[in-house]
Number of protein chains: 2
Amino acid sequence: MSHFADRLSEAIRARNSRVCVGLDPVQAHLPRALAAAAEQGPDEAAQAVGAFCCAILDAVAPYAAVVKPQAAYFEALGPAGYRVLWDVMAYAHGLGLPVILDAKRSDIGSTAAAYAAAYFDPPAGLVGPDALTVNPYLGSDGVLPFIEAGGPARGVYVLVKTSNPSSGELQDLRTATPAGPRVIYRQLGERVAQWGEASVGDYGYSSVGAVVGATYPEQLAELRAWLPTVPFLVPGYGAQGGAAADVAGAFDSRGLGAVVNSSRGIIYAGAQEPYASSDDPDAFAAAAAEAARIMRDDINSVLGLLPPPSG
Amino acid sequence: MSHFADRLSEAIRARNSRVCVGLDPVQAHLPRALAAAAEQGPDEAAQAVGAFCCAILDAVAPYAAVVKPQAAYFEALGPAGYRVLWDVMAYAHGLGLPVILDAKRSDIGSTAAAYAAAYFDPPAGLVGPDALTVNPYLGSDGVLPFIEAGGPARGVYVLVKTSNPSSGELQDLRTATPAGPRVIYRQLGERVAQWGEASVGDYGYSSVGAVVGATYPEQLAELRAWLPTVPFLVPGYGAQGGAAADVAGAFDSRGLGAVVNSSRGIIYAGAQEPYASSDDPDAFAAAAAEAARIMRDDINSVLGLLPPPSG
């Protein structure tokens, strides 16, 4: 299926899960066995982080609709870490998991096109992500090159209302528009809908999505009503404070239209008991699987089960 | 000298140049000999791009105050290209050229800290850039982690008024503030000044700078007047249309306070005659040197010579 949003809707239905598992691997939080290996040097640290991520992917695959590696944590490990990011994306693809690369890239036209090529048309031998997050501060000519390069086959999630405490400093400012005063996140959201107009798929969603934080449930529900064709990526569940009831507004009446991300709450679940004091070297992965399952069920308990997949 | 803005002001005076040479290497535009090598595969392409950039750095070093690799073009070459980005930064440091890495990173607090660590505190054996460009769409908790990690020793250039045609879609919106209606780029510029208040150095500039495009000369002069302690990185000269007269407003009465970037106009000067048909395989580097010298002199002809360095 060559349409990103349709592919993601099918993955959500097939796994009966709206969960996105975020991979934010930090060397200091690796499980003991991998932490020891990571101390040998930068290449070993990157390899250990890669092994950690692949084990997490194996564990959460039954419970996740999609996974979201965060580029920053791989770049923090230097060039070896950046290579491992690509290994991890390939591994996820091998498990049949769609990948949203959270890189929040942005630049002017020609450079935005270079970023788009980097991720949607990478050099031979590399498998790029299914979707990428993009920052809209530069306006449409900083975003359209991603949409043009990706086509409907790849998703572009534009930051609209982010989950962090200071997101309102800029995003909540209100300015005059022909339709009356509008907050910036709404103006941007409406532009995102326009950018995606040509790529609305069979499920009614375009491949141009919006990032809207679980930490702002009211805005999430408003944006869902204003932007019925825009799929949402909803970070902020769990460690950042969002709960299942907070994200309910992100979904349509069918229970589709969004995926909800948790990173630390899943991948570091092994730091909690009973896993933390377990002798099993794979306890961290079992903990992540259990945390992903609980999150899936928590969201499903509010939203109800999904219709079975069409296939 | 551990203060970024002071270090940059000294470099400007020592070289009598306000020129920033942007490294936006594209495989398709490599000179013939390197293009042939690049066709062997992704690793060879990255190596050829690295050789190209190092030859450009050698050539422009006498005429440039600072250099600015653009991360997108290295990422477009895959993991091998990302490694070459670090090699190129190390090579520039070896030539005594300060490096601004143009990566326009942005994310929420903890992830912004991971990006800051990636570039300001990289793994052993890597030399990070002197400064980094940062996107402010997420508000202060997406920017402060960079400023805190970099301290005054590293520069953080925040996007304020970018050089691209659509920059005004968001950046020029006007909103109410306690001081009256203000365009967003001014509000952000004033916040950049506040973020840098604690790090104003001997030259009167802080290590927290602003990106302001040469393509908007009026806004450039306004912002210089509003933000006397904020150093500017001014892209858009040359290929994007900005001329020396357009950038004059970016500087203070001493002729300090900004560096002006040109990328394609310098690094691809060899595509113009008489260099393009030269048999000399190093003609591309000679062309870049000449283009950088002409740009330096063009700007100096408008601004006048600088006072000699203090050292």
* Condition met for B:Gly139 (of a type outside the set (Phe, Trp, Tyr), surrounded by fewer than 24 Cβ atoms within 10 Å (Cβ to Cβ) and in contact with a Ser or Thr (Cβ under 6 Å, 6 or more places away or on another chain)) -> yes
* **Whichever residue in the range B:146-163 is surrounded by fewer than 24 Cβ atoms within 10 Å (Cβ to Cβ) and touching a Gly at 6+ places or on another chain (Cβ under 7 Å) and, among such residues, is farthest from A:Leu138 (Cα to Cα)** => B:Pro152
* Structure fact -> Subset of the range B:263-293, residues under 20 Å from the mean Cα position of the chain (by Cα), surrounded by fewer than 24 Cβ atoms within 10 Å (Cβ to Cβ) and of a type outside the set (A, V, I, L, M), comes to B:Arg264, B:Gly265, B:Tyr268, B:Glu290, B:Arg293
* Kindly list the number of the only condition in (1) more than 11 Å from chain A (Cβ to nearest Cβ); (2) crowded, with 20+ Cβ neighbours inside 10 Å; (3) in contact (Cβ under 8 Å) with a residue 24 or more places away in the chain that fails for B:Asp58. => (2)
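For the range B:77-101, which residues satisfy the criterion of being of a type in the set (Gly, Ala, Ser) and not in a helix (DSSP H, G or I)?
The first filter runs over the range B:77-101 and keeps only residues of a type in the set (Gly, Ala, Ser), leaving B:78, B:80-81, B:90, B:92, B:94, B:96.
Scanning the range B:77-101 gives a single hit, B:Gly96.
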* Within the range B:33-48, identify whether any single residue is touching a residue at least 60 places away in the same chain (Cβ under 8 Å) and over 18 Å from the mean Cα position of the chain (by Cα), and answer yes or no. => yes
* Asked: Are any of the residues in the range B:80-97 crowded, with 24+ Cβ neighbours inside 10 Å and within 20 Å of B:Gly139 (Cα to Cα)?
  -> no
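With within 14 Å of chain B (Cβ to nearest Cβ) and either at pLDDT 95 or above or farther than 16 Å from B:Leu126 by Cβ (or both) as the only criterion, which of A:Leu85, A:Leu8 stands out? Quick ask: steps written out before the conclusion?
Working: A:Leu8 fails: within 14 Å of chain B (Cβ to nearest Cβ).
That would be A:Leu85, the only listed residue that is within 14 Å of chain B (Cβ to nearest Cβ) and either at pLDDT 95 or above or farther than 16 Å from B:Leu126 by Cβ (or both).
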* To do: Please go through the range B:12-48 and pick out each residue that is in contact with a strand residue (DSSP E or B) (Cβ under 9 Å, 6 or more places away or on another chain) and within 14 Å of another protein chain (Cβ to nearest Cβ).
  => B:Gly22, B:Leu23, B:Asp24, B:Pro25
* Scan the range A:237-257 for residues that are of a type in the set (A, V, I, L, M) and touching a strand residue (DSSP E or B) at 6+ places or on another chain (Cβ under 6 Å) and jot them down. => A:Val247, A:Ala250
* Can you list the helices (runs of 4 or more DSSP H) found entirely within the range B:105-177 that contain at least 1 residues being more than 9 Å from chain A (Cβ to nearest Cβ)? -> B:109-120, B:140-150
* Of the conditions (1) in contact (Cβ under 8 Å) with a residue 24 or more places away in the chain; (2) assigned to a helix (DSSP H, G or I); (3) within 14 Å of chain B (Cβ to nearest Cβ), A:Gln187 clears all except one; give me its number. => (1)
* When the residues of the range B:1-31 are filtered to those that are aliphatic (A, V, I, L, M) and touching a residue at least 60 places away in the same chain (Cβ under 8 Å), which remaining residue is nearest to B:Arg296 (Cα to Cα)? -> B:Val19
* To do: Please determine, by comparing only the residues of the range B:12-31 that are buried (at least 21 other Cβ atoms within 10 Å of the Cβ) and among the small types (Gly, Ala, Ser), which one is nearest to B:Gly236 (Cα to Cα).
  => B:Gly22
* Structure fact -> Among A:Ala198, A:Ala114, the single one that is within 21 Å of A:Ala72 (Cβ to Cβ) and over 20 Å from the mean Cα position of the chain (by Cα) is A:Ala114
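If we scan the range A:263-272, do we find a residue that is more than 25 Å from A:Ala210 (Cα to Cα), without any contact (Cβ under 8 Å) to a residue 40 or more places away in the chain, out of contact with any Ser or Thr (no Cβ under 6 Å at 6 or more places or on another chain) and outside any helix (DSSP H, G or I)?
Here is the first cut: in the range A:263-272, the residues more than 25 Å from A:Ala210 (Cα to Cα) are A:268-272.
When the remaining residues are screened for being without any contact (Cβ under 8 Å) to a residue 40 or more places away in the chain, the result is A:269, A:272.
If we keep only those that are out of contact with any Ser or Thr (no Cβ under 6 Å at 6 or more places or on another chain) too, we end up with A:269, A:272.
When the remaining residues are screened for being outside any helix (DSSP H, G or I), the result is A:272.
Looking through the range A:263-272, at least one residue is more than 25 Å from A:Ala210 (Cα to Cα), without any contact (Cβ under 8 Å) to a residue 40 or more places away in the chain, out of contact with any Ser or Thr (no Cβ under 6 Å at 6 or more places or on another chain) and outside any helix (DSSP H, G or I).
The values are calculated or read from the model by the stated rules, or taken from the named source; none is laboratory data. Please read these numbers as outputs of a predicted model, since none were measured by experiment. Because the Cβ atoms are built from the backbone with ideal geometry, glycine has one as well, and the counts that use them run over all protein chains shown.
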